[in-house]
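The block underneath contains the structure these notes are about, expressed in structure tokens.
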Amino acid sequence: MLAKAGAAGGIPGRVLVFGGATALGAQAVTRFAAGGWDVVSLDFYDSSVECGSGVPLHTLPPVIGLAAAGGGVSPPSTAATASASAAAAAAAAAVGLGGGGGVGDPTSCRIRDAGEPLALSLPVGAPPRSQVRIATASLAAAGYGSAAGGHLFDAVLNATTGFAVGGIQSEDVFESMDFMVSSSLHSSVVTARLATAFLRPGGMLTFTGSVAALSPQPKLLAFAVGHAAVHQLVRSLAAAVGVDLPDGVTVVGVVPEVLDTAMHRQLNRGRADDNWTSCDVVAEKLFAWADSGPRPPNGALVSVTSTMVAEGRQEHAFRLINTPSYVQTAEY
């Protein structure tokens, strides 16, 4: 029988969060770190931000407390900066990006303190195959992965989700489709590919979908299509456990109705509606599943809904979504 992942038995768990700088990802990073887990955050760096005096920022700063800033990234202090390590430079060279802190170095420009999440970053615009290569080299250099004799993760979470509005007659419908495929589907496939090498047997692999993808959305066409693809990915990967994914892995799709994020508020006159779910609520549930369980069944899509039951107090529900594979009804 496979051992349970997590720190409940006194052994700290390890988690990789793809999208660790998003609103949901930052909350997940903070919650898992607070629970004593070894946390690695993977996201995209902004080359316009500098790490200290003239040193390009090739990784997001460690993100404890990042959620308090609304999911944004604050430049680190000069005292916290350092040049890349020799192992990190080797990782950069391995993927043809050059090392020694040069442009494209995917490694940290900070020395992380004990217990502090490690933040690794990918170049903005890197195609999915390159994302996998860079992340694989960076993780191996940091001591993760069985190929390098390093640690495996107990949980791998994808917290990325794009947003696009418009229907089939929108002028930018093709650009919106490309964006949703990149931000939601490609990032999920990259996460899954990393899980094949870095997730331990019996671990947990989660993705972020949307309730909107379960019903017709003529004015959110690209958004719904992109997340519907993620839902299909969850179910297909669940069938790959023990074949392409390690034995005993649980693959789950988290399907929120609406997450309370700064972007959603900006599009909603600066306020949250009563049915929006705070990202820390979802992060808490992800931690509970990974740390102590019980977890949803392998391949489950789990809806996340919230209801205002009193002034300033919500109730939250996480429910399994019925997803029959092939239901035949009337003949035509």
By residue number, the members of region 140-158 that are modelled with pLDDT under 95, among the aliphatic types (A, V, I, L, M) and touching a strand residue (DSSP E or B) at 6+ places or on another chain (Cβ under 7 Å) are A142
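Please tell me if V282 is in a strand (DSSP E or B) and crowded, with 21+ Cβ neighbours inside 10 Å.
Working: in a strand (DSSP E or B): no; crowded, with 21+ Cβ neighbours inside 10 Å: yes.
Here the answer is no, as V282 does not meet what is asked.
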Practice item. Examine region 319-331 for a residue that is surrounded by 18 or more Cβ atoms within 10 Å (Cβ to Cβ) and either basic (K, R) or within 16 Å of G209 (Cβ to Cβ) (or both), and state whether such a residue exists. Key: no
Taking region 41-50 and keeping only residues that are at pLDDT 90 or above and either among the small types (G, A, S) or surrounded by fewer than 24 Cβ atoms within 10 Å (Cβ to Cβ) (or both), one is left with S41
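One line per residue, one yes/no per condition, for (1) more than 22 Å from D178 (Cβ to Cβ); (2) among the basic types (K, R); (3) part of a strand (DSSP E or B):
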| residue | (1), (2), (3) |
| --- | --- |
| E116 | yes, no, no |
| L120 | yes, no, yes |
| S130 | no, no, no |
| I134 | no, no, no |
| A140 | yes, no, no |
| A147 | yes, no, no |
The one condition L120 fails out of (1) crowded, with 23+ Cβ neighbours inside 10 Å; (2) under 20 Å from W37 (Cα atoms); (3) modelled with pLDDT under 70 is (3)
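Taking the condition of being over 22 Å from A300 (Cα atoms), surrounded by fewer than 23 Cβ atoms within 10 Å (Cβ to Cβ) and either under 14 Å from the mean Cα position of the chain (by Cα) or not hydrophobic (A, V, I, L, M, F, W, C) (or both), how many residues in region 160-176 meet it? Explain how you work it out, then say what you get.
First, pick out the residues of region 160-176 that are over 22 Å from A300 (Cα atoms): 163-176.
Right, trim to surrounded by fewer than 23 Cβ atoms within 10 Å (Cβ to Cβ) and you get 163-175.
From what is left, the residues that are either under 14 Å from the mean Cα position of the chain (by Cα) or not hydrophobic (A, V, I, L, M, F, W, C) (or both) are 166-167, 169-172, 175.
Total satisfying the criteria: 7.
Based on this model, can you work out whether G242 counts as in contact with a Lys or Arg (Cβ under 9 Å, 6 or more places away or on another chain) and at pLDDT 95 or above?
Working: in contact with a Lys or Arg (Cβ under 9 Å, 6 or more places away or on another chain): no; at pLDDT 95 or above: yes.
So G242 fails the test.
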E311: passes all of (1) under 21 Å from the mean Cα position of the chain (by Cα); (2) without any contact (Cβ under 8 Å) to a residue 24 or more places away in the chain but (1)
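Results for (1) under 17 Å from the mean Cα position of the chain (by Cα); (2) closer than 27 Å to T196 by Cβ; (3) aromatic (F, W, Y), shown as yes or no for each residue.
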{"residue": "G253", "(1), (2), (3)": "yes, yes, no"}
{"residue": "Q266", "(1), (2), (3)": "no, no, no"}
{"residue": "L301", "(1), (2), (3)": "yes, yes, no"}
{"residue": "S325", "(1), (2), (3)": "no, yes, no"}
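Given the criteria of a type outside the set (A, V, I, L, M), open to solvent by 20 Å² or more (accessible area, probe 1.4 Å) and part of a strand (DSSP E or B), does T307 qualify?
On the way: of a type outside the set (A, V, I, L, M): yes; open to solvent by 20 Å² or more (accessible area, probe 1.4 Å): yes; part of a strand (DSSP E or B): yes.
Here the answer is yes, as T307 does meet what is asked.
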**Study point:** Flag for G293 being open to solvent by less than 40 Å² (accessible area, probe 1.4 Å), on the phi > 0 side of the Ramachandran plot and more than 18 Å from the chain's Cα centre (by Cα)
**Key:** yes
Listed by first then second residue, the pairs whose first member lies in region 152-173 and is assigned to a loop (DSSP other than H, G, I, E, B), whose partner is among the acidic types (D, E) and open to solvent by 50 Å² or more (accessible area, probe 1.4 Å), with beta carbons under 9 Å and at least 6 positions apart or on separate chains, are A164/D172; A164/E175
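The values are calculated or read from the model by the stated rules, or taken from the named source; none is laboratory data. A quick note: this is a predicted structure, and the numbers were derived from the prediction, not measured. Cβ coordinates were reconstructed from backbone atoms using ideal geometry, including for glycine residues, and neighbour counts include every protein chain displayed. In case anyone asks, the SASA skips ligands and DNA or RNA and just uses the protein heavy atoms, side chains included. Shrake-Rupley method; radii C 1.70, N 1.55, O 1.52, S 1.80 Å.
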